[in-house]
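One structure is given below, encoded as structure tokens.
The values are calculated or read from the model by the stated rules, or taken from the named source; none is laboratory data. Since the model is a prediction, treat every value here as computed from it, not as a measurement. Virtual Cβ from ideal backbone geometry, glycine too; neighbours counted across all protein chains shown.
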Amino acid sequence: MQTTTELPAKLSSARAGGSLRRLRGPGRPRRRRPTGALAGWLSVAPALLVILGFTFYPMVQAMLLSTDRWNMLGPKEFVGTENYETILAAGTFRESLFNTLVFTLITLAGTYALALATAMAANREMASARLVRTLTVLPAVIPMVVAGLIWKWLYEPDHGLVNSLIGLVGVDGARWLFDNDLALPAVALVSIWKDFGIYALILLGGLQRIPAELYEAATIDRAGPWQQFRSVTLPMLRPASAAVFLLLLFNSFKVFDQVWVMTEGGPGTATLTVVTFIYTRLLTDVGVASAASVVLFVILLTITMIRLRLTSRRDS
């Protein structure tokens, strides 16, 4: 039998359930949250909109403007492929492309070598490993414009720190940013100094994924440090190295800030890069600048496709 104390409790729960049903409404289905593919698309929709708005749309606009002659003041005039013929025939654009390739080779070799040496030093179990990791990241925190201004002062011919240090060993200083042969390597050194820490962290992550058993097996086989580096470290570090090289290629081809702050493409056209060429022509002829940007996009796309093809072949 039910006690008298249980009846009020059941009545109150029944009233509460009835009131909830009245608030919800008879027969009204509950609202379901999106699941599966729909939920995935909704979660990435904001990022897709940002990419479409700030990447895809400007790219399409550049392709359309590359077929026009326009100085941002008068009306646009359709010229077809004339802008592409202009930049491919112009010696200035070819020189900027050559300078960009040289800059890329210098930064690729210098940054990777310094980043790998730093990563291997930071990977060792020693007291200074944490200090090495901290010091390598510090240059990357500095904005590139600030780094360019600092190094422009360091390269100053008469009172710069670089020439002062060289003078201590009895060597005459150089006019680093005013010499046609030294200006481009001097600017590339700034990129190496600023960015090697970030790439060192990527390589450090790759080094820490190498199983210690491989080095133990190499030691048992009486392999020396150089043989272990060549036969174990470099092959196992290939994925991280590929990522570093791809990022370096993209960043080197798009170099602009340090070049413009330090030399503005000079002396003459010694440090004129593709992006610097685009910026200078943008002020006078948007069509030519857009055509140059499309050519740069095609170059970067080709590099990416080659890299993906090589990766797929190696994985298969």
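Taking the range 68-92 only, how many residues are more than 13 Å from VAL295 (Cα to Cα) and not in a helix (DSSP H, G or I)?
Residues meeting the conditions: 14.
Filter the range 170-185 down to the residues that are among the aromatic types (Phe, Trp, Tyr) and either touching a Leu at 6+ places or on another chain (Cβ under 7 Å) or closer than 9 Å to ALA270 by Cα (or both) and list them by number.
Listed by number, the list holds a single entry, TRP176.
Any residue that is on the phi > 0 side of the Ramachandran plot and touching a residue at least 40 places away in the same chain (Cβ under 8 Å) - is there at least one of those in the range 74-93?
So far as the range 74-93 goes, no, none of its residues is on the phi > 0 side of the Ramachandran plot and touching a residue at least 40 places away in the same chain (Cβ under 8 Å).
Just give me the residues in the range 208-241 being aliphatic (A, V, I, L, M) and either surrounded by 15 or more Cβ atoms within 10 Å (Cβ to Cβ) or under 30 Å from LEU149 (Cβ atoms) (or both), in sequence order.
Within the range 208-241, ILE210, LEU214, ALA218, ALA223, VAL232, MET236, LEU237, ALA240 meet the criteria.
Scan the range 273-293 residue by residue and report those that are surrounded by fewer than 23 Cβ atoms within 10 Å (Cβ to Cβ) and in a loop (DSSP other than H, G, I, E, B).
LEU283, THR284, ASP285
So PHE98 ticks every box in (1) farther than 30 Å from ALA212 by Cβ; (2) at pLDDT below 95; (3) in a helix (DSSP H, G or I) but one. Which box is left unticked?
(2)
Would you confirm, using the coordinates I've provided, whether ALA115 is surrounded by fewer than 16 Cβ atoms within 10 Å (Cβ to Cβ), modelled with pLDDT of 90 or more, within 17 Å of LEU249 (Cα to Cα) and small (Gly, Ala, Ser)?
no
Helices (runs of 4 or more DSSP H) wholly in the range 133-221 with at least 1 residues that are closer than 23 Å to LEU116 by Cβ and either free of Cβ contacts under 8 Å to residues at least 24 places away in the same chain or under 29 Å from the mean Cα position of the chain (by Cα) (or both) - which ones?
It comes to 144-154, 183-208, 212-220.
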